[in-house]
Each structure stands twice: as structure tokens, then as C-alpha cells.
1. Got a sec? Which of Ile90, Ile161, Ile124, Ile115 is of a type in the set (Val, Ile, Thr), assigned by the TED database to the domain that holds Ala60 and in contact with a Lys or Arg (Cβ under 6 Å, 6 or more places away or on another chain)?
2. Taking only pairs six or more apart or across chains, which ones have beta-carbon atoms under 6 Å, a first residue in segment 29-40 that is outside the structural domain of Ser56 (by the TED database) and in a helix (DSSP H, G or I), and a second residue that is hydrophobic (A, V, I, L, M, F, W, C) and open to solvent by less than 40 Å² (accessible area, probe 1.4 Å)?
3. Among the listed residues Ser208, Ser171, Ser125, Ser158, identify the single one that is open to solvent by less than 20 Å² (accessible area, probe 1.4 Å), closer than 24 Å to Ala65 by Cβ, more than 11 Å from the chain's Cα centre (by Cα) and modelled with pLDDT of 95 or more.
4. Mind checking which residues of segment 234-288 are in a strand (DSSP E or B), hydrophobic (A, V, I, L, M, F, W, C) and either over 17 Å from Asn313 (Cα atoms) or open to solvent by 50 Å² or more (accessible area, probe 1.4 Å) (or both)?
5. Counting only residues that are in contact (Cβ under 8 Å) with a residue 60 or more places away in the chain and not in a strand (DSSP E or B), which one in segment 84-98 is surrounded by the fewest Cβ atoms within 10 Å (Cβ to Cβ)?
6. Which of the residues belonging to segment 50-74 are farther than 14 Å from Gln31 by Cα and open to solvent by less than 20 Å² (accessible area, probe 1.4 Å)?
7. Looking at Pro322, Pro286 in this structure, which one is over 29 Å from Lys140 (Cβ atoms), modelled with pLDDT under 95 and out of contact with any helix residue (DSSP H, G or I) (no Cβ under 6 Å at 6 or more places or on another chain)?
8. Looking at segment 180-192, is at least one residue over 12 Å from the mean Cα position of the chain (by Cα), surrounded by 17 or more Cβ atoms within 10 Å (Cβ to Cβ) and among the small types (Gly, Ala, Ser)?
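The values are calculated or read from the model by the stated rules, or taken from the named source; none is laboratory data. As the structure is a computational prediction, the values presented were derived from the model and not from experiment. All Cβ positions, even for glycine, are placed from backbone atoms using ideal geometry, and neighbour counts span all protein chains on display. Just so you know, the surface numbers come from the protein's heavy atoms only, side chains and all, with ligands and any DNA or RNA stripped out. Shrake-Rupley method; radii C 1.70, N 1.55, O 1.52, S 1.80 Å.
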Amino acid sequence: MAVLPLPVSPLLITLLSISFAFSPLAKAAVQYSVLSYGANPDGKTDSTKAFAAAWSQACASTQPATISVPKGSFALGQVRFQGPCKNNAISIRIDGTLVAPSDYGVLGRTKNWLIFEHVNGVTISGGTLDGQGAGLWSCKNSGKDCPSGATSLEFSNSNNIAITGLASLNSQMFHIVINACQNVKVQGVRVSAAGDSPNTDGIHVQSSTGVTILNSRIGTGDDCVSIGPGTSNLWIENVACGPGHGISIGSLGKDSQEAGVQNVTVKTTTFTGTENGVRIKTWGRPSNGFARNILFQHAVMTNVHNPIVIDQNYCPGEENCPGQ
């Protein structure tokens, strides 16, 4: 028996036509190559101004923008990527290596090498950051009076951030810092520094909410991931840690008035040759800070000195400890 098609009312056809007619088309991203602004991939020529100029143009664009960094090595001093921008979709595609100055005195007291502030919708994909921190590590390990060092990459007061497929090597101090941000996804990153390199935390999160760290490998001389006050709704999964000090919450409670840490999940992690596995560390003094709703799950530890640590009398160096 033949099946007759159902009648379609003229009204439905009209509505469908209107819907398709007014569907917004995604705007193509405007392309900005750092080479167009004078960057040189020879690893020697200072390309700082070129990167800053490319960012300035991308940030001023009212359309989505892509900054491309081709293969090669680009010598960079401190670069501040300032927002807010006129669009909320800036992609930075890195195929090459960004190299910090070999003289640690150039960045050692600046706190940051590459910092993004007040931006929304920025994605960094691929590439390598080489912090060239070994000289500063040697200075610190010798007991000399040395600068504290610069964090390689920081996002501060920013929202809707993605860091994908990035490698960070040999930072002077922290490799990646997420500070006062919302909705950040870090995926497929590789962080590497010597096991005796001081204060080279892999990823540090503080005062932020909605941060996800996935499918990454971190080996440093300090915490693979450190979680500071004011962190909430943090998800860490499938992270390999080692060498390093493990995945740590804290230290907390150093100040009497301090934001707490809550809703943290750390699952399906591996720790190899680390000083600690999972850790919560708090100072022994009165504070309104707290750590609550913390889940450590499915961790595999091999040759880990302290697999699980909850220390409520934290005092590095054991000098002038509050002992409360």
C-alpha cells in the first residue's frame, strides 16, 4: 500500500524559511602572524615588541582573532597581554618555541614572563615555553642572595581560558599560574624541570573556580599541582606526576582571614618517584580558612616517600613556627 506524505502547512514552511534566513554564520577569525610585526625565529633577535604588537591588533579586533607563531625559536622578554579586548575569541597557535632570556637577572624580579590579565575567551594551543631557569636554580641552591624568579605563564582575573598541548620547560619559578579566574581548561600539557629545581611548581591554582586539568604529564622540583586559598570546583584527572612534591592543597591558614578551598576532585592520577602523593598542608595558627569536599580517588603511586599527607602543623624550615 502506498504511503502518502503528510501535508506540511504553509505556516511551518514559512517559519523554517525565516529560521534559516536569519541563522547567524560564524565569523572567520582574523589572522595575525607575529612575523608580520617583525618577530624573528632565529632564537636570538628580541621579538618582544612584535608579540606585543600582534596582541594589540588581535585584542582590538571586533571579530574573532588568531595569532600564529610559526616554527622556530623566538627570544622574548616580559610580555603583558592586557585586556579587556573587543572580542572574546582570541586563539594563539604556537608551532615554535618561546625562549626566555638566559640571564635570569632580566626577568628574575619581574614575577612574570608571559602574563594575561583581564582577558576573556583566550585559547593557547601547542608550542613550547623555555624558561631557561637553570641559572637561577643554581644561584638559589648555592645559598646566594638571588631574585625569586619569574612565573613562565600566568592568567589573572580572566575567564573562559583554554591551554591545550603546551609544553613548559625549565621555568625560573612556577610554570603555569591560574589566579582569580573562572572556567579554565588545561589539557594535554607537558611540564618539565629538574627534580632539584626550587619552587618550580607545575600548575598553581588560586582564587579561581571551575578549573579543569586533564591528560597531562608534570615533573618538577616542587608540587606538580599546587592549590591555593580561594580555589573551588577544581577537577584534576589523568595526570602523571613525577618527579616532584605531589599534588598539594595549601599551604592554607597562613593568614587569619583567608578564603577556603572546596569541591576539589583529583582522580586517576599516577605518582612516580615523588616526595609526596596527595597532600593537604595547613599552618598551625588560627584562621577562618578551610578545606572541604576534597576527593582523592584512583591514585597509583610508585616509589613515593609519603603517599598521603595531611599536615595541620605545616612550617617549612622549622623556624619561627606558630605551633598552634
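1. On the way: Ile90 fails: in contact with a Lys or Arg (Cβ under 6 Å, 6 or more places away or on another chain); Ile161 fails: in contact with a Lys or Arg (Cβ under 6 Å, 6 or more places away or on another chain); Ile124 fails: in contact with a Lys or Arg (Cβ under 6 Å, 6 or more places away or on another chain).
After applying the criteria, what remains is Ile115.
2. Final answer for the pair search is Val34/Ala50; Val34/Phe51; Val34/Ala54; Val34/Val69; Tyr37/Ala50; Tyr37/Ala53; Tyr37/Ala54.
3. Values: Ser208 fails: closer than 24 Å to Ala65 by Cβ; Ser171 fails: closer than 24 Å to Ala65 by Cβ; Ser125 fails: open to solvent by less than 20 Å² (accessible area, probe 1.4 Å).
Going through Ser208, Ser171, Ser125, Ser158 in turn, the sole match is Ser158.
4. As a first pass, look at segment 234-288 and keep what is in a strand (DSSP E or B): 234-241, 247-252, 261-272, 276-283.
Cutting the leftovers down to hydrophobic (A, V, I, L, M, F, W, C) gives us 234-236, 239-241, 247, 249, 252, 261, 264, 266, 271, 278, 280, 283.
Scanning segment 234-288 gives Leu234, Trp235, Ile236, Val239, Ala240, Cys241, Ile247, Val261, Val264, Val266, Phe271.
5. Residues of segment 84-98 in contact (Cβ under 8 Å) with a residue 60 or more places away in the chain: 88-89, 91, 94.
Add one more test, that the residue is not in a strand (DSSP E or B), and what stays is 88-89.
Numbers: Asn88: 14, Ala89: 19.
Per the criteria, the residue is Asn88.
6. We begin by selecting, within segment 50-74, every residue farther than 14 Å from Gln31 by Cα; these are 50, 52, 71-74.
Listed by number, the residues that qualify are Ala50, Phe74.
7. Values: Pro322 fails: over 29 Å from Lys140 (Cβ atoms).
Answer to the check: Pro286.
8. yes
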